[in-house]
Amino acid sequence: MKKLIITLLSVAIATIMFSSCSKRNDEVKPVAKNYVLVHGAWQAPYVWDAVKAKLISEGNNVTVVELPGHGSDNTVPSTITLNLYRDKVINAVSKMNGKVILVGHSLGGMIISSVAEQIPTKIEKLVYLAAYLPASGQSLFKLANTDPGSQLGIPGNLIIAGPIADVKQDQIVNIFIQDGSPQVQNLVLQNYRSEPAIPLTDTVKLTSANFGSVEKVYIKTLQDHVVSPGLQNRMIASSNVKTVYQLNTSHSAFLAKPDSVAILLTKIGH
């Protein structure tokens, strides 16, 4: 009888422990998140492909926005403004159920800031990846002109011709993806398109009540030849950024180290 009681007690304890462990496992099960990813200047949705695939494989919902005048979109450059970009992103965000984690790269930082000003309650977090993080009244060009560490500012590297802006052909790889594999570098060259110039000079109007109410995260890129680490630090210091991460990559972190970017975005989401 004594042995039977001991055996029954052991089974009961084991059952309780298993139930407790199962409950803990259920509690830490990741919850699917909504991500909206915005590319930057001279680029297109393809740059997010590997990051998007990784996030989706983890059960998340992911939308990559194709900005007007980029990728396969043939909107006339002279008709494109920063507000047109903003509205394209707002449309993408509005189609997702619940709040989103809105990620902007480079020029995308100007865009997601403008989106947050319009629909702050739809955004869980703003994530700036090697991105311009403006104050109210600033344009991308105004911020870029304060960045002596940017190789885009070297005379001759940036060519403005009417409604479009171009990067000197033999500097494209060095400026955007100097640490990428030859295959990735060729991908960037093959997909290069002239950039609509008007959005680069458009200013943003931001308020503390709207834009200021959204949590902000910055991912620094330490080998960046477009938005120098110095400017990144200054923008972070002058803004209400809650969390800062860093990657030892070029400007195009999603191409140089897509797994690292995906890991950080997952961490930011949870």
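The values are calculated or read from the model by the stated rules, or taken from the named source; none is laboratory data. Values in this document were obtained by computation on a predicted structure and should not be read as measured data. In this analysis, Cβ positions are derived from the backbone assuming ideal geometry, glycine residues included, and neighbour counts consider all displayed protein chains.
Scan Gly71, Gly59 and give me the residue that is touching a Phe, Trp or Tyr at 6+ places or on another chain (Cβ under 9 Å) and more than 19 Å from Ile123 (Cβ to Cβ). Outline the logic, then answer.
On the way: Gly59 fails: touching a Phe, Trp or Tyr at 6+ places or on another chain (Cβ under 9 Å).
Step by step, each of Gly71, Gly59 is checked, and only Gly71 is touching a Phe, Trp or Tyr at 6+ places or on another chain (Cβ under 9 Å) and more than 19 Å from Ile123 (Cβ to Cβ).
Among the residues of segment 31-60, which ones are touching a His at 6+ places or on another chain (Cβ under 9 Å) and within 17 Å of Tyr85 (Cα to Cα)?
Matches in segment 31-60: Leu37, Val38, His39, Gly40, Ala41, Trp42, Gln43, Ala44, Pro45.
Does any residue of segment 247-258 turn out to be among the aromatic types (Phe, Trp, Tyr), crowded, with 21+ Cβ neighbours inside 10 Å and under 16 Å from the mean Cα position of the chain (by Cα)?
Yes, the conditions are met somewhere in segment 247-258.
Give Thr75, Thr63 a once-over and let me know the one that is polar (S, T, N, Q), at pLDDT 95 or above and assigned to a strand (DSSP E or B).
Testing whether each residue is polar (S, T, N, Q), at pLDDT 95 or above and assigned to a strand (DSSP E or B) leaves just Thr63.
Working carefully through the options Leu189, Leu152, find the one that is hydrophobic (A, V, I, L, M, F, W, C), buried (at least 17 other Cβ atoms within 10 Å of the Cβ) and either at negative phi or in contact with an Asp or Glu (Cβ under 6 Å, 6 or more places away or on another chain) (or both). Give the derivation first.
On the way: Leu189 fails: buried (at least 17 other Cβ atoms within 10 Å of the Cβ).
Every option except Leu152 fails the conditions.
Looking only at segment 208-263, which residues are of a type in the set (Asp, Glu) and closer than 25 Å to Gln171 by Cα? Give the steps one after another, and end with the answer.
Kept after step one, since they are of a type in the set (Asp, Glu), are these residues of segment 208-263: 215, 224, 259.
The one that is of a type in the set (Asp, Glu) and closer than 25 Å to Gln171 by Cα: Asp224.
When segment 181-234 is examined, which residues are found to be farther than 23 Å from Tyr46 by Cα and touching a Gly at 6+ places or on another chain (Cβ under 9 Å)?
Across segment 181-234, the qualifying residues are Thr203, Val204, Lys205, Leu206, Ser228, Pro229, Gly230, Leu231.
Please enumerate the residues belonging to segment 136-158 that are polar (S, T, N, Q), under 30 Å from Asn240 (Cα atoms) and not in a helix (DSSP H, G or I).
Of everything in segment 136-158, those that are polar (S, T, N, Q), under 30 Å from Asn240 (Cα atoms) and not in a helix (DSSP H, G or I) turn out to be Ser136, Gln138, Ser139, Asn145, Thr146, Ser150.
Restricting attention to segment 43-50, does a residue exist that is modelled with pLDDT of 95 or more, in a helix (DSSP H, G or I) and either more than 27 Å from Val188 (Cβ to Cβ) or of a type in the set (Gly, Ala, Ser) (or both)? Spell out how you get there, then give the answer.
Start the filter on segment 43-50 by keeping residues that are modelled with pLDDT of 95 or more, which leaves 43-50.
So of that shortlist, the ones also in a helix (DSSP H, G or I) come out as 45-50.
Of the ones still in play, those that are also either more than 27 Å from Val188 (Cβ to Cβ) or of a type in the set (Gly, Ala, Ser) (or both) are 50.
Yes, segment 43-50 contains a residue that is modelled with pLDDT of 95 or more, in a helix (DSSP H, G or I) and either more than 27 Å from Val188 (Cβ to Cβ) or of a type in the set (Gly, Ala, Ser) (or both).
Residues that are closer than 19 Å to Ala131 by Cα and either in contact with a strand residue (DSSP E or B) (Cβ under 8 Å, 6 or more places away or on another chain) or at pLDDT 95 or above (or both), at least 3 per element: which helices (runs of 4 or more DSSP H) completely within segment 159-228 meet that?
Of the helices (runs of 4 or more DSSP H) lying wholly inside segment 159-228, those with at least 3 residues that are closer than 19 Å to Ala131 by Cα and either in contact with a strand residue (DSSP E or B) (Cβ under 8 Å, 6 or more places away or on another chain) or at pLDDT 95 or above (or both) span 172-176, 198-201.
Quick check on Gly153: is it over 20 Å from Val64 (Cα atoms) and modelled with pLDDT of 95 or more?
no
Among the residues of segment 32-59 satisfying the criterion of being hydroxyl-bearing (Ser, Thr, Tyr) and in contact (Cβ under 8 Å) with a residue 40 or more places away in the chain, which is nearest to Pro196 (Cα to Cα)?
Tyr46
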